[in-house]
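Trainee: First the structure, then my questions, so here it is.
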Amino acid sequence: MAAELPDYYFRVRDNGAFVFRVDTENRQRRIEMDQIAVVNIRNGEIRPHGGRELTEQDMSEITAWMEARMALLAKRDIDDIHRAVDYLNTTTHWVQSKAEPEQLEQVTDALLLAMHDLRTVLVRKKADRLLKGKD
């Protein structure tokens with residue numbers, strides 16, 4: 001292979017990843033992946049796989065991956081919210097200029113309830129922040 005493979009591979013899953021050590025230093029020059037741990041980024045748990053003991057390098061690589069993964073997920077979360085604002089604006093334009101009465105009948109109640117719920121939470125959170133700022 002032209003490019004150097006990393007020493008570790010992280011198979012991403014909902015709550016974290018399965019961690020594999022990558023080995024190409026064998027007789028057949030095949031890529032071998034040996035699972036060494038299971039990582040849960042929600043609670044920070046790192047569980048060695050199959051009775052293994054993780055080395056300092058293993059732990060260092062895993063914790064670095066966890067930090068990078070959490071940063072990426074946080075960035076995606078805020079990006080999703082910005083995208084939601086765009087969708088709200090697009091929806092407003094659609095309602096005002098293109099929606100047929102039958103279409104509005106299908107979505108109005110769901111949109112009103114969702115927007116009311118969102119507004120209630122946003123107002124409460126904003127008030128909490130303002131009160132904390134005064135203390």
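The values are calculated or read from the model by the stated rules, or taken from the named source; none is laboratory data. Because the structure is predicted, anything quoted here is derived from the model rather than measured. As a convention, Cβ positions derive from the backbone with ideal geometry for all residues, glycine included, and neighbour counts pool all protein chains shown.
Trainee: Out of 4, 32, 56, which single residue is surrounded by fewer than 13 Cβ atoms within 10 Å (Cβ to Cβ) and at pLDDT 95 or above?
Mentor: The unique qualifying residue is 56.
Trainee: Continuing with this model, one more query. Determine, yes or no, whether residue 50 is modelled with pLDDT under 95 and within 23 Å of residue 22 (Cα to Cα).
Mentor: Against the criterion (modelled with pLDDT under 95 and within 23 Å of residue 22 (Cα to Cα)), residue 50 qualifies.
Trainee: What do you reckon, is residue 105 in a helix (DSSP H, G or I) and either under 15 Å from the mean Cα position of the chain (by Cα) or loosely packed, with under 11 Cβ neighbours inside 10 Å (or both)?
Mentor: yes
Trainee: Would you point out the residue of region 108-134, among those that are closer than 20 Å to residue 84 by Cβ and among the small types (Gly, Ala, Ser), that is surrounded by the fewest Cβ atoms within 10 Å (Cβ to Cβ)?
Mentor: Among those residues, the one meeting the criterion is 110.
Trainee: Same structure, new question: Please determine whether any residue of region 7-21 is in a helix (DSSP H, G or I) and out of contact with any Asp or Glu (no Cβ under 8 Å at 6 or more places or on another chain).
Mentor: So far as region 7-21 goes, no, none of its residues is in a helix (DSSP H, G or I) and out of contact with any Asp or Glu (no Cβ under 8 Å at 6 or more places or on another chain).
Trainee: Are any residues in region 47-101 among the hydrophobic types (A, V, I, L, M, F, W, C), closer than 14 Å to residue 37 by Cβ and touching a residue at least 12 places away in the same chain (Cβ under 8 Å), and if so, which ones?
Mentor: Listed by number, the residues that qualify are 54, 59, 62, 65, 66.
Trainee: Does residue 79 satisfy the criteria of being within 30 Å of residue 17 (Cα to Cα), among the acidic types (Asp, Glu) and surrounded by 10 or more Cβ atoms within 10 Å (Cβ to Cβ)?
Mentor: Yes; evaluated as a whole, the condition is true for this residue.
Trainee: Still on this structure: Regarding region 66-84, can at least one residue be identified that is over 30 Å from residue 116 (Cα atoms) and assigned to a strand (DSSP E or B)?
Mentor: no
Trainee: Could you grab me the full set of residues in region 36-53 that are touching a strand residue (DSSP E or B) at 6+ places or on another chain (Cβ under 8 Å) and either part of a strand (DSSP E or B) or exposed (fewer than 11 other Cβ atoms within 10 Å of the Cβ) (or both)?
Mentor: Answer for region 36-53, where residues must be touching a strand residue (DSSP E or B) at 6+ places or on another chain (Cβ under 8 Å) and either part of a strand (DSSP E or B) or exposed (fewer than 11 other Cβ atoms within 10 Å of the Cβ) (or both): 36, 37, 38, 39, 40, 42, 45, 46, 47, 48, 50.
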